[in-house]
Structures are given as structure tokens and as C-alpha cells.
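I have placed the structure first, in the form of C-alpha cells, so that the comments after it can refer back to it.
Here, each number is a calculation from the coordinates, and none is a lab measurement. Predicted model only: the values in this text are computed from it and were never measured. For neighbour counting, all protein chains shown are included, and Cβ atoms are generated from backbone atoms with ideal geometry for every residue, glycine included.
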Amino acid sequence: MDRPRTLRTYRGLIRAILKYERPSKIVNWGNLRKAMITKLEYAKKQNQRDSHENINRQLEKWKKLDPVSDRSLNLFIADSKSLRSILQNDIKWEKKVAQGQNVDEIFEHALDIIKFLDNQREYEELVDRYNPGNKLTQDEKVKRTANVVGLDVPT
């Protein structure tokens, strides 16, 4: 088996998946961060008589967390192990070669997957760039429409 070619393809798949998944992971971590901060602040207000050392520590930790700059949140380690096992075991290279399936076709298919993920990511970026109202919440859409008409929406 052509080991350097296999490693190159594997790395390409991992990079494509990381690039494709990163924006949604950042949004998910941002939403989780916001929810946890709100939950901890609520718990702090509910128990005003208790010492808040533990809550304050957790609150500071969540406030410091920045999903965009924190590289550890965007790693794909757990899923890359399953992808590696699929590439090594489930494809069963020797069996496919024995059946007459061309190895080049298998690599070509993996490269097509990489190209598809890159193109899909680029498409989503362009849709977001040229249709910014697409991902707005209902409240943001109402405020935006009111601003166009010249009204102020109370917060």
C-alpha cells in the first residue's frame, strides 16, 4: 500500500473536516458559554447568603473562555480516531484490490470528499456574507425591520 499517499489523504480529510466544522463549533461553544454564565449568575443571585467562591471561580473561567481564540475547543481528536479506524480497518484495502477495485479510485473518492467539504464551506461563507439576514433571530429581524422604517424597538 502507498503509505505516504494514504497519510496525505488522511491529513487532507482531517483538515477539510476541521475547517468545515469549526464555525459551527465556535457558535455552539459561544452559546454554551452564554448559557453557563447566565446560569451561574442566577445561582449566585438565588443564594445570596452563601459564600460564592466556587460560583465565582466557575464564572471567571467561563467569562475568560473565548471560543474563537481557544484552539483546544476546536480540535477533532475523538472523531479523527474513528476516521483513522475506518481508513485502516473498514476499507479493507487488500480485499478491494483482490476484487479488482482500483486503489486509485479509492484515493480519488477521498479527494472528491475533501473538495466537496471545501466547496461546501466556501458556499456557506458566501451565503452568510451576501445574505446577512439569513441567520438572524426573530427579535433581530424585528429590530432590523423597525430600523429600516425608522422606529425604535424597546429592549
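Some observations on this one:
- Taking 29 Å as the limit for the C-alpha separation, the pairs LYS64/LYS115; LYS25/LYS61; LYS63/LYS115; LYS25/LYS64; LYS44/LYS141; LYS63/LYS135 exceed it in the case of LYS64/LYS115; LYS63/LYS115; LYS44/LYS141.
- Cβ-based exposure ranking for ARG121, ARG57, in which fewest neighbours within 10 Å come first: ARG57, ARG121
- Residue order, fewest to most surrounding Cβ atoms within 10 angstrom, among HIS109, HIS52: HIS109, HIS52
- Label separation (ARG71 vs LYS141): 4.0 nm, computed from points 7 Å beyond Cα along the C-beta direction.
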